[in-house]
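Every read-out reported here was derived from the displayed coordinates using simple, explicitly stated rules and does not represent laboratory data. All values reported here derive from a predicted model rather than from experimental measurement. No Cβ is skipped: glycine too gets one built from the backbone with ideal geometry, and neighbour counts run over all protein chains shown.
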Amino acid sequence: MIDEPGPWGTGPFTLVQGASSIVTRNAIMSPDPYTCAWLIESEDRSPEVVLEANPAGGDQPGFSGASGNAC
């Protein structure tokens, strides 16, 4: 869920325009072992989003970021 544009770039892209937000409810099916499902109650999404390459996205070990350089 990304509620608004900002520097959230933990992967190859950052969101620069638009939003994608969902409201969920945790439905517990079994406490031991813990088993649950997430039920979507509502969605608030822009019709379009704009992504830009995240230059820091490739700084994570084992991740090939926007530069395309394999780690």
Could you list all residues from region 11-22 that are more than 11 Å from Arg45 (Cα to Cα), assigned to a strand (DSSP E or B) and either in contact with a Ser or Thr (Cβ under 9 Å, 6 or more places away or on another chain) or not aromatic (Phe, Trp, Tyr) (or both)? Thr14, Leu15, Val16, Gln17
Could you list all residues from region 42-57 that are within 16 Å of Ile22 (Cβ to Cβ) and part of a loop (DSSP other than H, G, I, E, B)? Ser46, Pro47, Val49
